[in-house]
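The values are calculated or read from the model by the stated rules, or taken from the named source; none is laboratory data. Note that this is a predicted model, so its numbers are computed, not measured. With ideal geometry, Cβ positions are generated from the backbone for all residues, glycine too; neighbour counts draw on all protein chains shown. Accessible surface areas use protein heavy atoms only, side chains included; no ligands, DNA or RNA. Shrake-Rupley method; radii C 1.70, N 1.55, O 1.52, S 1.80 Å.
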Number of protein chains: 2
Amino acid sequence: MTRILLLGAGRSASSLIQYLLRYAPLEHWQVSIADVNPAHLAPVLATHSAYAQAISFDVAQVEQLDVLVPAADIVISMLPALFHPLVAQACVRYGRHLVTASYVSPEIQLMEADARAAGVALIMECGLDPGLDHMSAMRALSEIRQRGGVLTSFKSYCGGLMAPNSEGENPWKYKFTWNPRNVVLAGQSTAKYLENGHPRFIPYQQLFARTQVLTVPGYGEFEGYANRDSLSYRQPYGLESIPTILRGTLRRPGYCAAWHALVRLGLTDDTVHLGNSAAMTWQELIEAYLPVATSGSLPERVATYLGLQPQGLEMAMLTWLGLFTNRPLVLPDATPAQLLELLLTEKWQLAEGDHDMIVMQHLFDFTLNGQPHRRTSSLVVLGDDATHTAMAKTVGLPVGMVVRRLAQGKIAPRGVVIPTLPDIYEPILDELAADYNIHFEEHEFALD
Amino acid sequence: MTRILLLGAGRSASSLIQYLLRYAPLEHWQVSIADVNPAHLAPVLATHSAYAQAISFDVAQVEQLDVLVPAADIVISMLPALFHPLVAQACVRYGRHLVTASYVSPEIQLMEADARAAGVALIMECGLDPGLDHMSAMRALSEIRQRGGVLTSFKSYCGGLMAPNSEGENPWKYKFTWNPRNVVLAGQSTAKYLENGHPRFIPYQQLFARTQVLTVPGYGEFEGYANRDSLSYRQPYGLESIPTILRGTLRRPGYCAAWHALVRLGLTDDTVHLGNSAAMTWQELIEAYLPVATSGSLPERVATYLGLQPQGLEMAMLTWLGLFTNRPLVLPDATPAQLLELLLTEKWQLAEGDHDMIVMQHLFDFTLNGQPHRRTSSLVVLGDDATHTAMAKTVGLPVGMVVRRLAQGKIAPRGVVIPTLPDIYEPILDELAADYNIHFEEHEFALD
């Protein structure tokens with residue numbers, strides 16, 4: 001019997017829980033699901049009581065980890081990433097394996113030696129992005145290398161979007177399926193990537209103006225903006241000397257130009273508190289950002305200030321958000337970013353029956369027998385319903401599959417591990433495709 | 001006898017030390033000057049040994065405060081502002097007064113009740129800005145109010161610049177007389193002020209593009225950009241209902257437009273580390289920020305990218321800095337802001353014989369007998385030499401004068417105090433004018 005402990009059962013854990021419950025009787029697991037609000041798990045676990053139980057767990061009470069972790073063989077943490085070092089320390093202390101969907105933080109990296117010495121695997125980055133991105137890219141890279149191809153460019157994009165039938169009237173074609181605050185604050189540093197052997201830097205105030213258009217077969221066009229640090233992917237992917245590498249985030253066309261307008265207005269700043277903001281309206285806030293009151297309506301003056309077409313798509317998107325209305329800001333002494341997040345949380349709210357969509361695309365350029373080639377690997381996953389969203393499936397299922405392989409003794413490495421090894425990613429990519437129809441569509445063609 | 005302890009004797013303390021040594025024999029003071037490097041004080045103190053001594057003091061060894069503070073009656077801290085809460089706590093603990101030239105931080109504000117209970121005055125903001133700005137503005141405001149004037153607008157600017165004869169060939173007409181890092185990171189939030197009763201916000205990426213031109217009699221034109229939070233001056237100045245209030249920083253004309261170009265390029269970002277920066281040159285760094293390599297020289301492409309005249313002043317100023325040379329960046333894994341600071345520290349270095357200059361200007365608009373008026377108060381202070389700079393004089397002398405009045409028992413308030421009370425500022429402004437020729441030139445005229 002393998003004892004599996006899941007810490008954190010929020011919305012994004014739904015498909016992971018379903019996976020764990022599916023395999024618990026088959027694999028002889030005892031599954032404990034620890035959450036701050038275990039009551040909501042009762043209906044889910046009702047028919048699985050022989051091998052699954054809910055536990056009340058408050059992450060603020062760290063000492064609970066000293067009870068729960070030693071009572072498990074494998075720990076999964078779906079808690080916010082900042083808690084992972086605490087959980088990982090407990091896992092090392094009690095000699096238990098850990099699986100998460102979060103990035104290897106510097107604190108986790110420092111536990112490498114201790115984890116190895118304790119015979120513990122801290123398997124990080126097992127979700128969608130990071131996770132499925134590593135697995136799918138490594139499979140394609142490995143296949144290209146085996147044929148003798150030499151990589152010259154690797155670009156990779158991912159986005160959590162809405163299914164085409166759920167984009168509705170929303171001109172942004174975007175709703176929140178992930179942490180709204182992270183979306184509002186996205187990219188607030190300088191993005192770094194490599195192009196033809198030269199480093200490229202994009203400061204925040206230019207980030208959403210320098211996008212690239214991508215096409216995904218059957219789903220039309222998307223635009224990608226560069227992620228913060230594309231360079232860090234060279235080492236784990238074995239691409240130390242590749243001339244071009246870029247990682248980016250996908251949105252539907254138009255989103256980035258309109259977001260760029262919000263950035264330029266100053267509405268994404270999270271460092272200033274605006275004092276008496278509760279007494280202001282949205283149009284007063286926007287007015288306060290304009291240089292000097294000239295003639296014309298507020299939207300006309302905003303368009304002039306930003307150099308946008310008054311009747312263009314960007315202005316229509318800003319208007320749709322309600323920026324030019326007398327809607328109150330509500331929050332006292334808030335930052336512009338907090339005010340924007342509150343507004344967007346309502347405007348970009350999922351409606352009954354909405355389906356989300358995950359899109360990922362890798363573009364590999366390589367030389368094979370002296371001939372340049374391009375390969376694209378594209379993934380589209382649609383949400384089943386409001387619970388089993390595309391986000392929950394693509395984050396949770398790979399985590400569950402790593403746990404199953406670990407429980408079967410089929411994952412040998414110890415220490416800090418990410419799923420860039422074929423022994424880990426091959427069976428998982430196969431299982432995702434065979435059992436869940438989550439698979440990449442591959443296209444390859446010679447260039448020139 | 002009054003025992004005076006000065007903590008920190010860096011460059012900006014030179015004129016303060018001179019003031020303390022001048023009055024020590026006359027006022028029966030024993031002056032202790034505590035510094036991490038007391039040896040450099042020996043020549044200064046040589047002829048003053050009867051009433052002054054140097055002490056070795058390392059701020060990292062906090063327990064020294066428990067020896068030094070109780071042995072003094074008045075403590076002056078010229079340490080970096082972050083150490084002031086520690087020093088203030090020791091002063092409250094041992095019932096000693098404290099004088100500093102730094103802002104009242106939230107931590108200091110929290111000591112208000114304890115300081116009062118201990119009969120201790122924590123007199124903050126006694127330097128130039130904050131300090132002399134409060135004193136001079138309050139005197140003028142008080143005078144206008146006494147005549148029955150009603151304030152409608154208060155704008156106030158200050159800058160630490162170079163004397164006209166020391167601007168040299170430097171097209172920026174600026175050199176470092178203060179913390180370089182603070183200059184490079186200046187304004188990296190949203191500036192807030194009030195204009196005609198309406199809040200105005202300027203995001204960082206617009207800050208240096210929205211300047212105001214000022215004229216100082218005898219010294220020509222300056223340009224001012226808005227400081228972070230002008231609104232916080234309303235309460236201490238008794239201007240709670242004023243329609244227009246703005247505080248700003250002065251530079252010579254041209255500086256702000258060229259700095260705006262550096263901001264837009266991305267060179268003031270301090271949040272990203274650029275990896276292999278030690279292997280790059282300045283022209284490679286600038287190249288990395290440009291969208292795509294088109295034809296033309298690097299400066300031509302930068303001018304096109306930023307929408308600047310290729311032969312204009314801004315491009316000449318960027319070129320003068322050496323941005324388009326193959327000079328190495330030197331620092332490994334540095335932020336753009338760190339690289340820029342290193343470059344500017346050399347380019348904006350004071351030369352032998354250079355004199356600095358402090359400029360402050362207040363603009364008061366008020367209604368008197370139904371007639372709108374404007375009053376300008378302008379201060380220009382030139383440095384005597386490389387030791388007794390205008391910065392050292394205007395920061396240190398008001399501090400010394402507050403200490404002298406405090407030692408004479410002429411400052412009554414206890415708790416957290418700033419020099420907005422006439423009993424404090426009147427004699428100090430008089431002494432600065434009479435003994436040091438530091439005085440404001442006043443102009444007043446009816447508008448319309």
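If we scan the range A:247-255, do we find a residue that is away from every other protein chain (no Cβ under 13 Å), assigned to a helix (DSSP H, G or I), open to solvent by less than 40 Å² (accessible area, probe 1.4 Å) and in contact (Cβ under 8 Å) with a residue 24 or more places away in the chain? Yes, the range A:247-255 contains at least one residue that is away from every other protein chain (no Cβ under 13 Å), assigned to a helix (DSSP H, G or I), open to solvent by less than 40 Å² (accessible area, probe 1.4 Å) and in contact (Cβ under 8 Å) with a residue 24 or more places away in the chain.
Residue count for the range A:179-199 under the criterion of being on the phi > 0 side of the Ramachandran plot and touching a Leu at 6+ places or on another chain (Cβ under 6 Å): the result is 1. Strands (runs of 3 or more DSSP E) fully within the range A:44-100 that include at least 1 residues being in contact with a Ser or Thr (Cβ under 6 Å, 6 or more places away or on another chain) and either over 27 Å from residue A:178 (Cβ atoms) or open to solvent by 30 Å² or more (accessible area, probe 1.4 Å) (or both): A:52-56. Flag: residue A:20 matches the condition of being crowded, with 18+ Cβ neighbours inside 10 Å, of a type in the set (A, V, I, L, M) and either at pLDDT below 95 or in a helix (DSSP H, G or I) (or both). Taking residue A:122 as meeting all but one of (1) open to solvent by 10 Å² or more (accessible area, probe 1.4 Å); (2) in contact with a Leu (Cβ under 8 Å, 6 or more places away or on another chain); (3) assigned to a strand (DSSP E or B); (4) not small (Gly, Ala, Ser), write down the number of the exception. With respect to (1) open to solvent by 10 Å² or more (accessible area, probe 1.4 Å); (2) in contact with a Leu (Cβ under 8 Å, 6 or more places away or on another chain); (3) assigned to a strand (DSSP E or B); (4) not small (Gly, Ala, Ser), residue A:122 is out only on (1). Looking only at residues of the range A:23-43 that are at pLDDT 95 or above and assigned to a helix (DSSP H, G or I), we find that the one that is nearest to residue A:409 (Cα to Cα) is A:27. Every test in (1) farther than 30 Å from residue A:99 by Cβ; (2) outside any helix (DSSP H, G or I) is passed by residue A:338 save one, and that test is (2). Taking residue B:237 as meeting all but one of (1) open to solvent by 10 Å² or more (accessible area, probe 1.4 Å); (2) touching a strand residue (DSSP E or B) at 6+ places or on another chain (Cβ under 8 Å); (3) assigned to a loop (DSSP other than H, G, I, E, B); (4) not small (Gly, Ala, Ser), write down the number of the exception. Here residue B:237 meets the rest and fails (1). Checking B:348, B:320 one by one, the residue that is more than 14 Å from chain A (Cβ to nearest Cβ) and touching a Phe, Trp or Tyr at 6+ places or on another chain (Cβ under 6 Å) is B:348 and no other. Total residues in the range A:371-404 satisfying the condition of being at pLDDT 95 or above and open to solvent by 50 Å² or more (accessible area, probe 1.4 Å): the figure is 3.
Looking only at the range A:319-336, filter to residues that are within 28 Å of residue A:214 (Cβ to Cβ) and touching a residue at least 24 places away in the same chain (Cβ under 8 Å); which one of those is least open to solvent (accessible area, probe 1.4 Å)? Residue satisfying both the conditions and the ranking: A:321. Being among the basic types (Lys, Arg) and either in a loop (DSSP other than H, G, I, E, B) or farther than 21 Å from residue B:95 by Cα (or both) is the requirement here; does residue B:3 meet it? No: the conditions fail for residue B:3. Of the residues making up the range B:198-205, at least one is open to solvent by 50 Å² or more (accessible area, probe 1.4 Å), part of a strand (DSSP E or B) and modelled with pLDDT under 95.
Counting only residues that are assigned to a helix (DSSP H, G or I) and either open to solvent by less than 10 Å² (accessible area, probe 1.4 Å) or touching a strand residue (DSSP E or B) at 6+ places or on another chain (Cβ under 8 Å) (or both), the range B:125-144 holds 9 of them. Among the residues making up the range B:206-220, a single one is touching a His at 6+ places or on another chain (Cβ under 6 Å) and either buried (at least 21 other Cβ atoms within 10 Å of the Cβ) or assigned to a helix (DSSP H, G or I) (or both): B:208. With the structure loaded, tell me whether residue A:155 is within 14 Å of chain B (Cβ to nearest Cβ), of a type in the set (D, E, K, R) and crowded, with 21+ Cβ neighbours inside 10 Å or whether it fails that test. No. For residue A:420, the test of being of a type in the set (S, T, N, Q), more than 22 Å from residue A:245 (Cβ to Cβ) and open to solvent by less than 60 Å² (accessible area, probe 1.4 Å) is failed. For the range B:352-436, the strands (runs of 3 or more DSSP E) that sit wholly inside it and include 1 or more residues that are not assigned by TED's automatic domain parsing to the domain that holds residue B:136 are B:415-417.
Taking the range B:259-285 as the range and being over 21 Å from residue B:209 (Cα atoms) and within 11 Å of chain A (Cβ to nearest Cβ) as the test, the residues that pass are B:271, B:272, B:273, B:274, B:275, B:276, B:277, B:279, B:280, B:284, B:285. Starting from residues that are out of contact with any Phe, Trp or Tyr (no Cβ under 6 Å at 6 or more places or on another chain) and aromatic (Phe, Trp, Tyr), keep the ones in the range A:175-224 and report whichever is farthest from the other protein chains (Cβ to nearest Cβ). Once the filter is applied, the top-ranked residue is A:219.
Residue under question is residue A:223, and the condition is that it be in the same structural domain as residue A:377 (by TED's automatic domain parsing) and open to solvent by 30 Å² or more (accessible area, probe 1.4 Å); does it hold? Answer is no for this residue. Taking (1) part of a helix (DSSP H, G or I); (2) at pLDDT below 95 in turn, residue A:169 satisfies each apart from (1).
Contact annotation: residue pairs with Cβ atoms under 9 Å, 6 or more positions apart or on different chains, pairing a residue in the range A:261-273 that is open to solvent by 30 Å² or more (accessible area, probe 1.4 Å) with a partner that is among the hydroxyl-bearing types (Ser, Thr, Tyr), are A:264/A:305; A:270/A:335; A:271/A:335; A:271/B:189; A:271/B:190; A:271/B:204; A:273/A:335. Residues in the range B:295-317 that are within 14 Å of chain A (Cβ to nearest Cβ) and loosely packed, with under 14 Cβ neighbours inside 10 Å: B:307 alone.
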